[in-house]
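Enquirer: Got a structure here, written out as structure tokens. Questions coming.
Derivation of every value follows stated rules applied to the coordinates shown; laboratory data play no part. A quick note: this is a predicted structure, and the numbers were derived from the prediction, not measured. When we count neighbours, we look across all protein chains shown, and the Cβ atoms used for this are built from the backbone with ideal geometry, even at glycine.
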Amino acid sequence: MASPQEPEVMMNEDDAAAAAKLVEAGKTLTQEVGKIIVGQTEVLEQIMIAILARGHCLLEGVPGLAKTLMIRCLADAMKLSFRRIQFTPDLMPADITGTDIIQEDPQTGHRQMVFEMGPIFAQMILADEINRTPPKTQAALLEAMQEHNVTVGGKTYTLEEPFFVLATQNPIEQEGTYPLPEAQRDRFVFMVKVNYPSRAEERRIVEQTTGEFANQIQPVLTGAQIITAQKTVRKVPVPDHVLDFVLDLVRRSRPSEPDCHPFVKELIEWGPGPRACQHLVIASKVRALLRGRYHVTLDDVEALAYPVLRHRVVPTFNAEAEGITVDGIIEKLLAATPRHEAAGVI
């Protein structure tokens, strides 16, 4: 449904210049990554939105869809340090965060404890197949994701900004996997579905990967520019009718709410918490800026409702038995949530 016409928003020259740079950077970044990654435009945009919203992203898709390559290309285009952590059942928390080791001074022979940093000490972390490791190791990421700090041996170490965790999980292999706890899933801004390419896109992929095609990603953004962009995003205003829509959408999806939609108690076991509202608003601000607008519309919220809510809505047994997917439930929520007109718009 199209949004009502929005009132013009005044901005100062510095904010306008920063917003214009962000739009241009978004286009250039997409073009640069597109040199190697074929298709997946929506996935790439959602990852960019999560990064500019200062959040983390969970990607779900079958093997072979270039999830790892896409994230590595983004790190190169953003000139960020990158580390890939392959999660396995025997991975320990110290394998991620690092650990204290005894080191001997070759000159004095004196021994002392020295902290050896783990792979978490990079700006962009790819947590590959995160659901293949036990909860104890998955929990090692929680402090880093939420606080951007790591505590080892009673000492806290600050991670270099900007810092992002982009995790992948395989939806088809469940044997020997450990589903992410709800508390950890909630830390991700988005859960992005990575789907199969179209026939034309797959043809290009085959041609590029089986021939002599070669290309290199050139940096188009720096960490400092990303931090500046994150601050610019916070200044984007959200009209009252858009914020009301976000609140109605999230609150009425909770079975415990007295004014929830009639179908919610039947289809939803647990609804999303307040982080859903926060992430939906900040992500919509980024999407608006990337499209050259300095205000959020209902279209922004509707477009991002699926990646924000799909890992926060827990369906009931009845919904699963009837073959109703989480995306199908979100579609019903969007259709049932009333749209309010902007103030002063006829």
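Enquirer: Taking amide H positions as placed in the peptide plane 1.01 Å from N, state which residues far from residue 269 in sequence (5 or more) or on other chains have amide H under 5 Å from it.
Expert: 314, 316
Enquirer: Using the Karplus curve 6.51 cos²θ - 1.76 cosθ + 1.60 with θ = phi - 60°, what ³J(HN,Hα) values do you get for each residue of the range 85-92, in whole Hz, with x for Gly and Pro?
Expert: Whole-Hz 3J(HN,Hα) from phi for the range 85-92: 10, 8, 7, 9, x, 9, 6, 9.
Enquirer: Let me know the volume per residue of the alpha-carbon convex hull for the range 285-346, in Å³. Write out the running numbers ahead of the final one.
Expert: Details: hull volume 6.4 nm³, N = 62.
Given the Cα convex hull of the range 285-346, per-residue volume reads 103 Å³.
Enquirer: Quick one: plug the Kirkwood hydrodynamic radius of the range 124-277 (C-alpha pairs) into Stokes-Einstein at 4 °C, 1.567 mPa s, and report D in µm²/s.
Expert: The estimated diffusion coefficient comes to 65 µm²/s.
Enquirer: Turning to a different aspect of this structure: How much mean residue ellipticity at 222 nm does the chain get from its helices, if each DSSP H run of length 4 or more adds -39500 (n - 2.57) and you divide by all residues, to the nearest 500 deg cm²/dmol?
Expert: Helices in the chain give a 222 nm mean residue ellipticity of -12500 deg cm²/dmol.
Enquirer: Measure nothing but the geometry: give the 0 to 90° angle between the long axis through the Cα atoms of 298-309 and the longest principal axis through the Cα atoms of the chain, rounded to 10°.
Expert: Orientation of helix 298-309: about 50 degrees from the principal axis.
Enquirer: Oh, and also: Under 5 Å between amide H atoms, partner at least 5 residues away or on a different chain: which partners does residue 98 have, H built in plane at 1.01 Å?
Expert: Long-range HN contacts for residue 98: 118.
Enquirer: Can you give the % of DSSP beta bridges in the chain that are antiparallel, to the nearest 5?
Expert: Antiparallel bridges: around 40 percent, rounded to the nearest 5.
Enquirer: Then there is this: Angle between the Cα long axis of helix 41-52 and the longest principal axis of the chain, 0 to 90 degrees, nearest 10?
Expert: Its long axis makes an angle of about 70 degrees.
Enquirer: Give me the angle, in degrees from 0 to 90, between the Cα long axis of helix 240-251 and the longest principal axis of the Cα atoms of the chain, rounded to the nearest 10.
Expert: Its long axis makes an angle of about 70 degrees.
Enquirer: List the longest stretch of the chain that has no exposed loop site; here a site is one of the GluC sites (Glu not before Pro) assigned by DSSP to anything other than H, G, I, E or B, with at most 16 other Cβ within 10 Å.
Expert: 9-159
Enquirer: I want the antiparallel fraction of DSSP beta bridges within the range 6-137, as a percent rounded to 5. It would help to have the intermediate numbers written out before the result.
Expert: Working: 7 of 12 bridges.
Antiparallel bridges make up about 60 percent of those DSSP assigns within the range 6-137.
Enquirer: A follow-up question, please. What's the center-to-center distance, using Cα atoms, between the range 147-209 and the range 264-302 in Å?
Expert: 20
Enquirer: Next question, about the same structure. In angstroms, what radius of gyration and Dmax does the chain have, counting Cα atoms only?
Expert: Cα-based Rg and Dmax for the chain come out at 21.8, 81 Å.
Enquirer: Can I ask one more? State the three equivalent ellipsoid semi-axes of the range 195-329, derived from the C-alpha gyration tensor as the square roots of 5 times its eigenvalues, in descending order and whole Å.
Expert: Values: eigenvalues 234, 131, 27 Å².
Semi-axes from the Cα gyration tensor: 34, 26, 12 Å.
Enquirer: Starting from one equal scatterer on each C-alpha and no solvent at all, send me the Debye-based log10 I(q)/I(0) for the range 84-178 at q = 0.12 Å⁻¹, two decimals.
Expert: Log10 I(q)/I(0), no solvent term: -0.44.
Enquirer: Along its three principal axes, how long is the range 15-69 when you only count alpha carbons? Whole Å, largest extent first please.
Expert: Over the range 15-69, Cα extents along the principal axes are 41, 25, 14 Å.
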